[in-house]
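The values are calculated or read from the model by the stated rules, or taken from the named source; none is laboratory data. Just so we're clear, the structure is a prediction, and the values are computed from it rather than from any experiment. No Cβ is skipped: glycine too gets one built from the backbone with ideal geometry, and neighbour counts run over all protein chains shown. Surface areas here come from the heavy atoms of the whole protein model, side chains and all, with no ligands, DNA or RNA. Shrake-Rupley method; radii C 1.70, N 1.55, O 1.52, S 1.80 Å.
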Amino acid sequence: MTTTETKQLPVPSRLLINGAWQSGSAGTFADVNPATEEVIADVQAASADDVDSAVRAARTAFEGEWSRVSGADRARLLHRVADLLERDAERLAWLETIDVGKPLAQAAALDIPNAIATFRHFAGWADKIPGSVIETNGYFGRPMHSYTRREPVGVVGAITPWNTPLMIAGWKLAPALAAGNTLVVKPPEDAPLTTLHLAELMLEAGIPAGVVNVVPGLGETAGAALVAHPDVDKISFTGSPEVGRTIQIAAAGTFKRLVLELGGKSPQIILGDADVQAAIQGAAMGLFFNQGEVCAAGTRILVHRSLYDEVVDGLVAAAKAQVVGDPLAPSTTMGALINARQRDRVLSYVDVARAEGATVAAGGERPGGKGYFVQPTVFTDATNEMRVAQEEIFGPVGAVIPFDDVDEAVKIANATQYGLAATIWTRDVSTAHTVAASVRAGAVSVNGWATMDPALPWGGMKTSGVGRELGLSGLLANTEEKTVSIVL
Ligand code: NAD
């Protein structure tokens with residue numbers, strides 16, 4: 001692919017079912033560039049019938065050719081996908097940037113490399129699916145040889161969000177394929193392009209027809225049809241708690257296996273002995289990276305009272321130093337929010353904060369001109385009870401809250417319905433472990449915000465979700481455990 005081809009339209013905008021690109025029977029939807037408000041593509045939308053065709057193709061592939069592909073061959077295919085992602089990394093970063101509005105530098109530094117690393121990680125697992133031999137009491141006086149096998153769940157429905165679409169598609173596809181499943185993927189209607197490009201790479205890599213099907217479309221039609229489909233064995237969903245709840249209820253009818261990766265309101269706890277400059281830098285990253293459209297965004301900055309003024313000054317300076325604008329420009333550090341609705345929702349919290357008695361210490365406005373931009377915003381004089389400290393805003397907005405001792409910090413950190421991630425800033429190794437153990441969150445980072453890796457399990461407690469993806473846990477979540485006993 002030449003550099004000119006790398007950054008060219010048209011982009012893939014159809015459904016992939018059983019190895020063939022086709023039109024959807026639910027019309028089209030407009031995919032908009034959030035930074036320019038221009039339509040990038042009219043994408044074909046899947047209907048419930050299209051989803052049914054995709055599920056049938058996935059079922060046929062699961063029971064047919066794919067079931068005979070060895071773990072070693074699945075590993076080879078996943079490595080090939082990773083190779084092709086590496087080859088097309090520049091185009092993928094560009095596609096993610098025009099589709100999501102995020103800075104190109106961030107897409108190139110995180111989204112694409114993380115997707116590649118995820119395929120490589122799970123390629124390594126594909127021929128190492130573990131089982132175990134278990135000693136028992138025997139069977140009516142006779143000895144018994146018992147063991148467990150891990151078998152694929154079957155047809156997995158993957159439903160993904162718009163903030164990091166390729167990365168999260170990788171989190172669902174790579175472990176599911178490594179374990180021998182087939183998939184129907186419903187990409188986000190606000191940003192489907194990189195998932196569709198990934199689908200092209202799946203075909204090029206030689207993944208057999210029907211193993212990966214992609215059905216762009218609206219959540220309430222294509223997504224809901226996938227969740228309701230009786231022949232889908234598992235739904236892996238990443239998105240909002242509201243939709244997650246709907247899915248959990250809808251999936252109950254057919255007893256689907258579920259992994260739900262939902263929202264967060266994650267604390268960043270800056271303890272009195274922290275390296276304060278590192279903490280300010282990390283806290284600012286946790287607020288403004290990807291325009292704050294990050295499930296693990298560290299939007300509650302809990303600061304020891306002795307450092308409060310210094311941290312507030314540092315965060316205000318960091319907010320003012322953000323370069324907000326054209327996501328394709330190399331100097332840009334913050335791009336546009338995904339759509340006008342999200343921009344207006346984020347801005348509405350500025351009024352909420354003021355009405356609740358918080359101070360807008362930085363930002364709070366929308367810059368002029370085209371695009372769904374919002375200034376990086378810091379609320380001070382905030383308490384943990386305020387809506388700005390309790391509700392997921394999903395924009396470059398955070399509240400700074402003081403505490404007096406470690407116990408109070410942990411209490412505030414846990415006083416939320418969410419439990420996705422937490423960051424602790426301290427120089428004391430013992431405090432680090434103690435606080436890490438006390439915080440109710442699925443992933444705790446010490447002295448660095450959002451320390452994710454494909455080898456590390458990821459998922460939330462409480463409203464932040466059900467189940468885990470990535471790492472060995474993510475692999476096993478794509479299997480059923482079968483017990484076999486042989487009476488000797
Ligand atoms: P969303 O819930 O609006 O949409 C997510 C996906 O669900 C989209 O593909 C959408 O089309 C689909 N959908 C919508 N209604 C549906 C229905 N009734 N049935 C089936 N599918 C349906 O979320 P979003 O706005 O795209 O993403 C933002 C949310 O995602 C935030 O809450 C964020 O915290 C969360 N998120 C979580 C993680 C995590 O790992 N925990 C990662 C990224 C984003």
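Below, the figures for the structure above:
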quantity	calculated
Gained length - Lys370 relative to Asn137, 0.36 nm times residue gap less alpha-carbon distance	76.7 nm
Within region 117-172, chymotrypsin sites (Phe, Trp or Tyr not before Pro) in DSSP loop having at most 15 other beta-carbon neighbours inside 10 Å	Phe140
Ranked order, Val444, Val153 - accessible area, probe 1.4 Å, largest first	Val444, Val153
Out-of-range pairs (alpha-carbon distance over 31 Å; input Lys320/Lys370; Lys265/Lys320; Lys186/Lys265; Lys172/Lys320; Lys102/Lys265; Lys128/Lys234)	Lys172/Lys320
Value at 222 nm in deg cm²/dmol, rounded to 500, when DSSP H runs of n ≥ 4 in the chain each add -39,500 (n - 2.57)	-11000 deg cm²/dmol
Heavy atoms of Met334 accessible to a 1.4 Å probe, total area in Å² rounded to 10	0 Å²
Backbone HN-Hα couplings from phi across region 299-314 [Karplus 6.51/-1.76/1.60, Hz, Gly and Pro as x]	8, 10, 8, 9, 10, 4, 3, 5, 10, 4, 5, 5, 5, 4, 4, x
Accessible-area order (highest first, 1.4 angstrom probe) of the listed residues Ile134, Ile235	Ile134, Ile235
Extent along principal axes [Cα atoms of the chain; Å; largest to smallest]	70, 63, 40
Per DSSP, loop trypsin sites (Lys or Arg not before Pro) in region 334-434 with at most 13 further Cβ within 10 Å	Lys370, Arg427
Relative contact order of the chain, pairs being alpha-carbon contacts under 8 Å that are 6 or more residues apart, as %	18 percent
Sparsely packed chymotrypsin sites (Phe, Trp or Tyr not before Pro) within region 379-488, loop by DSSP, other Cβ within 10 Å at most 15	none
Heavy atoms of Glu189: accessible area, 1.4 Å probe, square angstrom to 10	50 Å²
Ser53 accessible area, 1.4 Å probe, all protein chains in place, Å² to nearest 10	50 Å²
Part-to-part distance (alpha-carbon centres) for region 194-215 and region 393-415, which is given in Å	43 Å
Contact order normalised by residue count of region 193-327, Cα under 8 Å, 6+ apart, percent	18 percent
Accessible surface, per residue, of the chain when the full set of protein chains is kept, probe 1.4 Å, Å²	38 Å²
Cβ-derived FRET efficiency at R0 35 Å, Lys320 paired with Gln248, nearest 0.05	0.25
Fraction of accessible area attributable to carbon and sulfur, the chain (%, probe 1.4 Å)	53 percent
Positive minus negative residues near Arg87 (Lys, Arg vs Asp, Glu; Cβ under 11 Å)	-3
DSSP bridge pairs, the chain: antiparallel proportion in percent, nearest 5	45 percent
Paramagnetic label zone (point 7 Å from Cα along Cα-to-C-beta, Asp344; backbone N under 16 Å) in region 360-386	366, 371-374
Sequence of Met386, Met452 when ordered by accessible area, the most exposed leading, probe 1.4 angstrom	Met452, Met386
Enclosed volume per residue, in Å³, of the convex hull spanned by Cα atoms of region 201-263	101 Å³
